[in-house]
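Notes follow the structure.
The values are calculated or read from the model by the stated rules, or taken from the named source; none is laboratory data. Just so it is clear, the structure is predicted and the values come from calculations on it, not from any experiment. A quick note on method: Cβ atoms are made from the backbone with ideal geometry, for glycine too, and the neighbour counts reach across all protein chains shown.
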Amino acid sequence: MDSGPLISGIGHGALLAWALIGGLFSRAPEDTFEVSEVSIISAEEFAALSTPQPSPDVEVNIPTPPQPEIEDTPPETPVVETPPEVQQPPVEETPPPAEEAPEVVETPPPATEVEDTPPETPLPPAQDNPVVLAPPAEIATPRPAPRVAPTPVVAPPPDTEVAEDVVEEASPDADTQAQNEPDEATAPEEATDVIVTEADEPPSSAPTSSARPSARPKRPTPPVETADSSTSDAINAALADVQAEDNAAPATTAPTGPPLSFGEKDALRVAVSNCWAVDVGGTSSRVTVVVGVSLDREGKVIKGSLQLIGSEGGDDAAVAVAFRNARSAIIRCQKGGYKLPIEKYSHWREIEMTFNPEKMRIK
Amino acid sequence: MTHLYKAIFIVAALGLGACTNPDQLAGGGAGGAGAGTGLDGTTGLASDPRSPAYFSQTIGDRVLFAVDTSTLTPEGRATLTGQAGWLQANPEYAAIIEGHADEQGTREYNLALGARRANAVSEFLVSQGIAGNRLRTLTYGKERPIEVCSAEACYAKNRRAVTVISAGAGA
Amino acid sequence: MKHLVTSILTLFLALVALPIVVVTNAQAEPLRIIIDDGVIEPLPFAVPDFVAENAEASEYAAKIARVVAADLSGTGLFREISKDAFISTVTSFDSPVQYADWKAINAQALIVGAVNVSGNKVTVKFRLFDVFSGAPLGEGLQFGGTTTSWRRMAHKVADAAYSRITGEGAYFDSRVVFVSETGPKNDRKKRLAIMDYDGAGVQYLTDSQSLVLAPRFSPTGDRVLYTSYETGFPKIYVLDVASVGRQALADQPGTMTFAPRFSPNGQTVVYSLSSGGNTDIYRMEIGGGAPVRLTSEPSIETAPSFSPDGKQIVFESDRSGNQQLYIMPANGGAAQRISFGSGRYGTPVWSPRGDLVAFTKQNKGRFHIGVMRLDGSEERLLTASFLDEGPSWSPNGRVIMFMRESAGAGGAVSLYSVDISGRNLRPVPAEGGASDPSWSPLLK
């Protein structure tokens, strides 16, 4: 019998077995760690992959029966029509008893002309969105009516009058009053419901499919006929590849420190709360919406990433309004970017915010 | 001669007796209607017990009520007994009983409350022998206050039922 | 042979090694936070003067823009940015919007319009822009009418903007019928009047010869039910708004009728009838026919109001000892009490949205306008004063108009409105004294 090849085979087998199995054990705890590295894909690419174009504006139009919908904006193509509204309305006066004779009901006429879309050009509407850039800074604005803010601590900045100017002030985290917020965990079941048709799609920020690592090195085809050396080379090559990938990534992915602390999460919550306008007497105050957004490393909203994930309550019109208010809140209050620790970036790159106005209605 | 003196004496007594309270001529309820020319040649003066003016000024054409009630008070009953007596004695008259309320309540409820008060008076008069077809009830709710201050002193006077005499029995 | 086996084994192992690396790809979970507290503040908007497309239109262009702005500001949900602050101006209806300029002054919504007048025909166009997203909100609209109805067109523009931004139904193009009062408290002259919801265009429907009370619009806004003393006794009448012709209803001898209201289909009238000192609720068809008695208690039952689906009636009764609110089926039947707080409840009115009842409450010497759910829960008082009463709902169920009287001999009575959240309490300008408001539906 040939002991040589046998011993060689056993030795190699043992080596491979160790490589395979031993590797498993040692890797387990670091699974998550490795995962992020392995999926070498930048945030932008990922966003592009998993989010179809949301267009919040369109949603807005969906609802509201009264309005002639169809907006679809951009193109001028006049849909013009919109007849319904147009006519009738103004016309007559009817009323007048006594005095004059009832007015003639004019039927209005005209043709609908115009209307329809915007003065166009300017922006290609489609953007959908969040003009992430240059969020107007308002807030500080003075207002005749009393303003009701989430926490008493966050007092509106003193420079009332100055209002109009883009004045920024205090960063939100001033207070982090502990409001005992439930914190994530409960977020859950907001789960999708009705809601606005297009755009919404599910996409939670969790990937719907695992990303394929890009640029995988080609695996050398194991030549069956080659000699042992080649096979061992192949094996070595395989091992080398694996290890190469292990080492590869780090530089390109987000730092993943420990999860965010309660204070940091609360600071974000308060920051957004300050810009979240709720119409407490309206139908949109009965709607809870869940909005997903991606932030860049500076804490600014990534253009195109803001979308409606789910909603509960209300009809389409109310949901559209609730979503628009939530979207405005996120964008208006980002200012120069939400203040979140960069070293924990991977933990707050993708955010799901649930806007629930229930408590507000009792104010 | 003695007969003449007696006659003069009697006439003088009667003449003086007729001078009851002249002030009453001017007062009297604003809600009370009234005094048209009397029937059967009555003068319409308050001094004439057969006139509506006498009814409203001497006997009293109104009764008052406590807040949110339509129950007759003892004073009210006394007044109404007098009214019943007059109506019995003057069968050619009919009456409209107006029920009123003070402003401390909502409009419809006060209309209903006024109706209750008027009815309470009407029922009492009927129980005193007045024919039902001589009486009608009417409610004004809080629409016709006679006192305008917003205090109990005024409210008490506004919570009333006024019996308004009109000519024509059984109208 | 063994080489082959080894090679195959190698290949196999190599292939197996691949997936291990790729397998676990789960992303980090997104950060989840809950926002349950926000701010309540009016939304800043801008309405530059509408563009006058010809000389005759210039008189109307500015006026229409002012009415639009007043409508929106009057809701308490919007705050107008003064034109002094504008950076860019609108000189043509179709010119591109300089969003940056509007953002700079913090306008979140922009209304651009144009007016064209030829002869007595007026055409009004407008577009609404969401400055924040740099895009129009909805399509532009155009309205046509006569010069005398320019206010209605302005209200329609404001209605469109309001609905698109808030998601609520519209209500600016509506009217209010009320009682106009003059004279001292002990000699009040009352007559029916009608005006736009914002107080403009007051017109009188009756003279002040006889006492009139509590007018109520029909569901289509073409008729008014009310109570009149023209026969010397309170009776209900229906009046046609356009022709001002009127007709008595339910005239049963020896009885008094008051507090009438239409059913949602405009065919039935529900009212109170007082006979023998007892007041109960009856219904009858507007075209005639025998009245049907709905309540038979020895207590006072009055102030009935239909639900929007016409199946139920809310009313007040003192069967429990003092005034409280009850709901019963529209054809009579067992009534459920819905008010349980301390004090007295009256004048219930069902919201057009169907989920709330507005009422007048008296407690400890004060009057309040309030709302509660159909089962009496979530009772909220919106106002408090010496004497508030008689709520009436706006067509979209967001605003309540009521009357308020001040104390004393010089007590003046006037109309006020308040948002359903209790905010934005404000007077409704009407000439002289005004009471008993009833809000029409949205005009077509």
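Here the helices (runs of 4 or more DSSP H) wholly within region A:257-363 that include at least 3 residues being more than 7 Å from chain C (Cβ to nearest Cβ) are A:262-273, A:316-332.
Quick check on B:T81: is it within 30 Å of C:H368 (Cα to Cα) and of a type in the set (V, I, T)?
When the stated conditions are applied, B:T81 does not pass them.
Starting from residues that are at the interface with another protein chain (Cβ under 8 Å from one of its Cβ atoms) and among the hydrophobic types (A, V, I, L, M, F, W, C), keep the ones in region C:101-111 and report whichever is nearest to C:A55 (Cα to Cα). Filtering first and then ranking leaves C:I105.
Give the residue, chosen from A:V280, A:V289, that is over 16 Å from A:H347 (Cα atoms) and modelled with pLDDT of 90 or more. Within the list A:V280, A:V289, the selection yields A:V289.
If the condition is being surrounded by 22 or more Cβ atoms within 10 Å (Cβ to Cβ) and under 30 Å from C:Y416 (Cα atoms), then region C:82-107 contributes only C:A107. You will find that of C:G376, C:G370, C:G397, the residue that is small (G, A, S) and in contact (Cβ under 8 Å) with a residue 60 or more places away in the chain is C:G397 and no other. Residue count for region C:282-306, restricted to those that are closer than 15 Å to C:M328 by Cβ and either touching a residue at least 40 places away in the same chain (Cβ under 8 Å) or within 24 Å of the chain's Cα centre (by Cα) (or both): 8. Do we find a residue being among the aliphatic types (A, V, I, L, M), outside any loop (DSSP other than H, G, I, E, B), out of contact with any Cys (no Cβ under 9 Å at 6 or more places or on another chain) and away from every other protein chain (no Cβ under 11 Å) anywhere in region C:233-244? Yes; the residues of region C:233-244 include at least one that is among the aliphatic types (A, V, I, L, M), outside any loop (DSSP other than H, G, I, E, B), out of contact with any Cys (no Cβ under 9 Å at 6 or more places or on another chain) and away from every other protein chain (no Cβ under 11 Å). B:S70 - would you say it is part of a loop (DSSP other than H, G, I, E, B), buried (at least 20 other Cβ atoms within 10 Å of the Cβ) and either in contact (Cβ under 8 Å) with a residue 60 or more places away in the chain or of a type outside the set (V, I, T) (or both)? Yes.
Scan region C:122-151 for residues that are among the charged types (D, E, K, R) and surrounded by 24 or more Cβ atoms within 10 Å (Cβ to Cβ) and jot them down. Give the steps one after another, and end with the answer.
First, pick out the residues of region C:122-151 that are among the charged types (D, E, K, R): C:125, C:127, C:130, C:139, C:151.
Result: C:K125, C:R127, C:E139.
Restricting C:A65, C:A55 to those that are within 24 Å of C:T123 (Cα to Cα), more than 14 Å from chain A (Cβ to nearest Cβ) and more than 25 Å from the chain's Cα centre (by Cα) reduces the list to C:A55. The number of residues in region C:112-136 being more than 7 Å from chain A (Cβ to nearest Cβ) and basic (K, R) comes to 1. Scanning region B:94-106 for residues that are out of contact with any Lys or Arg (no Cβ under 7 Å at 6 or more places or on another chain) and at the interface with another protein chain (Cβ under 9 Å from one of its Cβ atoms) turns up B:Q104, B:T106. It is to be established whether one or more residues within region C:156-167 are farther than 30 Å from A:I331 by Cβ and within 14 Å of chain A (Cβ to nearest Cβ). The answer is yes; a qualifying residue exists. For region B:113-129, a residue qualifies if it is surrounded by fewer than 22 Cβ atoms within 10 Å (Cβ to Cβ) and of a type outside the set (S, T, N, Q), and the qualifying residues are B:E123, B:F124, B:V126, B:G129.
Of the residues making up region C:311-332, just one is on the phi > 0 side of the Ramachandran plot and either in contact (Cβ under 8 Å) with a residue 12 or more places away in the chain or surrounded by 22 or more Cβ atoms within 10 Å (Cβ to Cβ) (or both), namely C:G332. If you go through region A:273-287 one residue at a time, do you hit one that is within 14 Å of the chain's Cα centre (by Cα) and either under 23 Å from A:P341 (Cβ atoms) or buried (at least 24 other Cβ atoms within 10 Å of the Cβ) (or both)? Scanning region A:273-287, I find no residue that is within 14 Å of the chain's Cα centre (by Cα) and either under 23 Å from A:P341 (Cβ atoms) or buried (at least 24 other Cβ atoms within 10 Å of the Cβ) (or both), so the answer is no. Scanning region C:381-405 for residues that are within 9 Å of another protein chain (Cβ to nearest Cβ) and either surrounded by fewer than 20 Cβ atoms within 10 Å (Cβ to Cβ) or assigned to a strand (DSSP E or B) (or both) turns up C:F386, C:L387, C:E389, C:G390, C:V399, C:E405.
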